[in-house]
Structure formats: C-alpha cells, structure tokens
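The values are calculated or read from the model by the stated rules, or taken from the named source; none is laboratory data. The model shown is predicted, which means the values in this text are computed figures rather than measured ones. Glycine also receives a Cβ, built like all others from the backbone with ideal geometry; neighbour counts cover every protein chain displayed.
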Amino acid sequence: MKAATLSDLAVELHWHRDEPALETGKYSNAHTVQYNSTYEVQVDSAPDWGGDPDHTNPEQALAAALSSCHMMTFLALCAKAGWPVASYHDYAEAHLGKNPKGQMSVTRIDLNPVVRFDTGFAVAPDKLDEMQHRAHRYCFIANTLADSVEINVN
C-alpha cells in the first residue's frame with residue numbers, strides 16, 4: 001500500500017473470494033472502494049448483472065464522478081460571474097449499451113441539473129444553459145469521457 005499524499009487522486013479497492021473456487025457465475029463481485037484511507041463504499045455489479053442493489057456499481061460511480069465534477073466546475077464559473085447559487089441538484093443517469101465496436105459500455109450519461117439562486121436574482125434560461133455548457137467544456141471528467149454526455153438544464 002502506497003502512503004497517501006495530499007495530491008493523490010487515488011482509491012484503494014479490496015475484494016476477496018468467499019466461495020471455495022472462482023467459477024463462472026458462482027462468485028460475488030462485491031468489494032469495497034476506499035477513499036482517502038478513511039471512507040469506504042460498498043460496490044458490486046449492477047443489479048442487471050447479478051449485483052446487490054443496495055451497493056453502488058461502477059456505472060453509478062462514473063455518473064457520480066461526472067455529476068460532481070460538472071457541479072464544481074459550474075459553481076466555480078458562477079462564483080467568477082457573481083451568480084449567487086443557493087442550491088444545486090442533479091439527477092445523473094448512466095446508460096448501458098453497445099459501443100461502435102459492439103462492446104458493452106456506458107454509452108451516454110445524462111445530467112439533469114436544477115439550480116436555484118438567492119432570492120431576487122434571476123438568470124435568463126439561455127444564459128443558464130450557456131453556463132451549464134461552459135461547465136461541461138471545462139469539467140475534467142467530461143473531457144475524459146468526450147461526447148457521451150447529455151446536459152438537460154431544468
């Protein structure tokens with residue numbers, strides 16, 4: 001195990017087999033992902049692939065990473081523009097399907113941000129849409145995922 005530093009962008013993943021043998025369809029994918037040596041998340045396959053629906057799955061984690069990065073980028077842009085954001089909510093959804101190579105992948109992630117401003121402050125819908133799309137252009141995770149993101153501003 002590597003010693004963590006403040007600049008680390010790493011997680012630790014832990015899995016062990018409880019079954020007598022590693023045989024197709026007869027073992028659990030359940031594992032933990034540890035962030036910053038203190039916070040653990042229970043992870044499994046998506047329920048459609050036999051995973052525990054009470055655990056997160058990698059596809060949800062990808063959607064969460066994108067949603068979080070997009071929100072932080074949006075808030076930074078709003079702060080710079082003097083827009084007093086009071087709250088931000090997003091419903092992010094990862095869609096599974098086959099990519100152009102015929103492989104299963106997350107083919108698209110939809111973000112559905114809802115932004116509320118301080119009382120008395122308003123932004124025209126086209127300006128809010130423009131700011132959301134700027135946030136998408138500058139978001140590190142979105143830049144990693146390329147064109148598989150839809151932003152539906154509410």
Unmet criterion (only one of (1) polar (S, T, N, Q); (2) loosely packed, with under 15 Cβ neighbours inside 10 Å; (3) without any contact (Cβ under 8 Å) to a residue 24 or more places away in the chain) for SER28: (2)
Test: residue in the range 131-148 that is modelled with pLDDT under 95, within 21 Å of the chain's Cα centre (by Cα), among the basic types (Lys, Arg) and over 15 Å from SER67 (Cβ atoms): yes
Residue list for the range 104-154, filter: part of a loop (DSSP other than H, G, I, E, B), more than 19 Å from TYR91 (Cα to Cα) and small (Gly, Ala, Ser): GLY120, ALA122, ALA124, ALA146
Any hit, the range 113-123, residues being in contact with an Asp or Glu (Cβ under 7 Å, 6 or more places away or on another chain) and under 17 Å from VAL153 (Cα atoms): yes
Filter pass, HIS133 being out of contact with any Asp or Glu (no Cβ under 9 Å at 6 or more places or on another chain) and over 27 Å from GLY25 (Cβ atoms): yes
Any hit, the range 90-101, residues being within 14 Å of HIS136 (Cα to Cα) and free of Cβ contacts under 8 Å to residues at least 60 places away in the same chain: yes
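Every residue, every condition in (1) modelled with pLDDT of 95 or more; (2) surrounded by 12 or more Cβ atoms within 10 Å (Cβ to Cβ); (3) out of contact with any strand residue (DSSP E or B) (no Cβ under 9 Å at 6 or more places or on another chain); (4) closer than 30 Å to ASP118 by Cβ, yes or no:
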position	(1), (2), (3), (4)
LEU6	no, no, yes, no
HIS16	no, no, no, no
GLU23	no, no, yes, no
GLN42	no, yes, no, no
GLY51	no, yes, no, no
HIS55	no, yes, no, no
CYS78	yes, yes, no, yes
Any hit, the range 103-120, residues being more than 23 Å from THR144 (Cα to Cα), touching a residue at least 12 places away in the same chain (Cβ under 8 Å), surrounded by 14 or more Cβ atoms within 10 Å (Cβ to Cβ) and not basic (Lys, Arg): yes
Subset of the range 76-90 [assigned to a helix (DSSP H, G or I) and within 21 Å of the chain's Cα centre (by Cα)]: ALA76, LEU77, CYS78
